[in-house]
Amino acid sequence: QVQLVESGGGLVQAGGSLRLSCAASGRTPSTYTMGWFRQAPGKEREFVASINRSGFTYYADSVKGRSTISRDINKDTVYLQMNSLKPEDTAVYYCATRGGGLASRSQDYAYWGQGTQVTVSS
């Protein structure tokens, strides 16, 4: 089993920044991709960004240029730096991991965290 714990969410004004963290523990696959997804009230969960073990990244168009995903392999932690936040970024943000390459579909990820709330006020 793999456990994922997100942190760093909160309330921020539009234009502000937040950095989310996700710490993995347990039996993490030897080669794995970590991703961030988000789900706003009444909407489906959507892909935000992913990063593989080699550091290659992939972003949703909605956050490209405003967000940066990174990871610390030694700490088994992935980060999502979000800048120029907009009210439409308000959602619960989830961290997920999979034992394969970059992917943007939620069904491709095997393990999920509990989520952290991000609220952007206008």
Review point. From the set of residues in region 1-45 that are open to solvent by 80 Å² or more (accessible area, probe 1.4 Å) and not in a loop (DSSP other than H, G, I, E, B), which is farthest from Y109 (Cα to Cα)?
Key: Q13
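A quick yes/no check of all residues on (1) modelled with pLDDT of 95 or more; (2) surrounded by 14 or more Cβ atoms within 10 Å (Cβ to Cβ); (3) of a type outside the set (S, T, Y):
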site	(1), (2), (3)
I69	yes, yes, yes
I73	no, no, yes
T77	no, yes, no
K86	yes, yes, yes
G99	no, yes, yes
S106	yes, yes, no
Y111	no, yes, no
Q117	yes, no, yes
Practice item. Determine, yes or no, whether V63 is modelled with pLDDT of 95 or more, surrounded by 16 or more Cβ atoms within 10 Å (Cβ to Cβ) and over 16 Å from S21 (Cβ atoms). Key: yes
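Each row is one residue, and each column tells you yes or no for (1) more than 12 Å from the chain's Cα centre (by Cα); (2) touching a residue at least 40 places away in the same chain (Cβ under 8 Å).
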{"position": "T68", "(1), (2)": "no, no"}
{"position": "D72", "(1), (2)": "yes, no"}
{"position": "L80", "(1), (2)": "no, yes"}
{"position": "S84", "(1), (2)": "yes, yes"}
{"position": "D89", "(1), (2)": "yes, yes"}
{"position": "Y111", "(1), (2)": "yes, yes"}
{"position": "V118", "(1), (2)": "no, yes"}
Check your understanding: Is it the case that some residue within region 94-102 is touching a Pro at 6+ places or on another chain (Cβ under 6 Å), touching a residue at least 40 places away in the same chain (Cβ under 8 Å) and not in a strand (DSSP E or B)?
Key -> yes
Exercise for review: Could you tell me which numbered condition S54 fails, if it satisfies all but one of (1) open to solvent by 30 Å² or more (accessible area, probe 1.4 Å); (2) in a strand (DSSP E or B); (3) among the polar types (S, T, N, Q)?
Suggested key: (2)
Check your understanding: Has region 104-118 got any residue that is closer than 20 Å to Y58 by Cα, β-branched (V, I, T) and in contact with a strand residue (DSSP E or B) (Cβ under 9 Å, 6 or more places away or on another chain)?
Key -> no
Exercise for review: Could you tell me whether region 36-55 includes any residue that is in contact (Cβ under 8 Å) with a residue 24 or more places away in the chain, more than 17 Å from E6 (Cβ to Cβ) and small (G, A, S)?
Suggested key: no
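Inside region 1-35, can you point out the residues that are of a type in the set (D, E, K, R) and modelled with pLDDT of 95 or more?
The answer is E6, R19.
The values are calculated or read from the model by the stated rules, or taken from the named source; none is laboratory data. Since the model is a prediction, treat every value here as computed from it, not as a measurement. Note: ideal-geometry Cβ built from the backbone for every residue, glycine included; neighbour counts use all protein chains shown. Side chains included, ligands, DNA and RNA excluded: accessible areas come from the protein's heavy atoms. Shrake-Rupley method; radii C 1.70, N 1.55, O 1.52, S 1.80 Å.
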